[in-house]
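Below is one structure, written out as structure tokens; the observations come after it.
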């Protein structure tokens, strides 16, 4: 009985040491998700977040009166509509599928090809996007917001220092502030914080293999990615393998750099 107990204690001690070693190795590549993604240019306040969440579901600033941020990024579907290509105002088809809005504020930029600086830039530019809201002008959007009862008070509370708070810039800041709270921590984040039993044995084995074979060289940080631009098709152009009928040139359309 004593031998069995001693054996069990030795195994437990070895297992714990192994877990701690894996944790220390994981910390070299990954960080826990923050509770929110802060911005120096857009400080997060309770009033701003409240307004941003309302505006996220507001369709009346679109040309068809039926398109909102939530149309392409339904939170109930994990922040993306799941369609092969997102549908904007009047059923217009976008060039690509909608990426999730969850944790998006922590990425290096927005959109698949990185042509949006941050979530605020995305929220603002989507208003005039032909395949998004389709608004004819920013002034049209501002006039529409000013005509809707309740927004005057909400904007004033969110931006108390602004003489004229209902602007597209503040529209974008409010939505951005709310999206910056959309952090989705998991058991992996608990593990990174030091709770070695937060992951199962099988998950720890997978994490060890993930690091050993080099996946973490690109898939790192708090988001396990989203920190750099990478070419899709490193050895050869992707379409040679996918046999895509239409070639998506991606970020090349933005930078013109091969």
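The values are calculated or read from the model by the stated rules, or taken from the named source; none is laboratory data. Not measured: the values here are computed from a predicted model. Here the Cβ positions follow ideal geometry from the backbone for every residue, glycine too, while neighbour counts run over all protein chains shown.
Per-structure values
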item	result
Some residue of the stretch 134-150 being under 27 Å from residue 185 (Cβ atoms) and in a helix (DSSP H, G or I)	no
Every residue from the stretch 81-110 that is surrounded by fewer than 18 Cβ atoms within 10 Å (Cβ to Cβ), at positive phi and assigned to a loop (DSSP other than H, G, I, E, B)	82
Test: residue in the stretch 196-204 that is part of a loop (DSSP other than H, G, I, E, B), more than 20 Å from residue 61 (Cα to Cα) and modelled with pLDDT of 95 or more	yes
Conditions (1) at pLDDT 95 or above; (2) surrounded by 13 or more Cβ atoms within 10 Å (Cβ to Cβ): number failed by residue 225	(1)
In the stretch 232-258, the residues that are under 30 Å from residue 189 (Cβ atoms) and surrounded by 12 or more Cβ atoms within 10 Å (Cβ to Cβ)	232, 251
Count - residues of the stretch 42-77 that are under 15 Å from residue 180 (Cα atoms) and either surrounded by fewer than 20 Cβ atoms within 10 Å (Cβ to Cβ) or in contact (Cβ under 8 Å) with a residue 40 or more places away in the chain (or both)	17
Tally of residues being farther than 21 Å from residue 108 by Cβ and assigned to a loop (DSSP other than H, G, I, E, B) across the stretch 212-237	4
Unmet requirement for residue 172, which otherwise passes all of (1) loosely packed, with under 13 Cβ neighbours inside 10 Å; (2) in a helix (DSSP H, G or I); (3) in contact with a helix residue (DSSP H, G or I) (Cβ under 6 Å, 6 or more places away or on another chain)	(1)
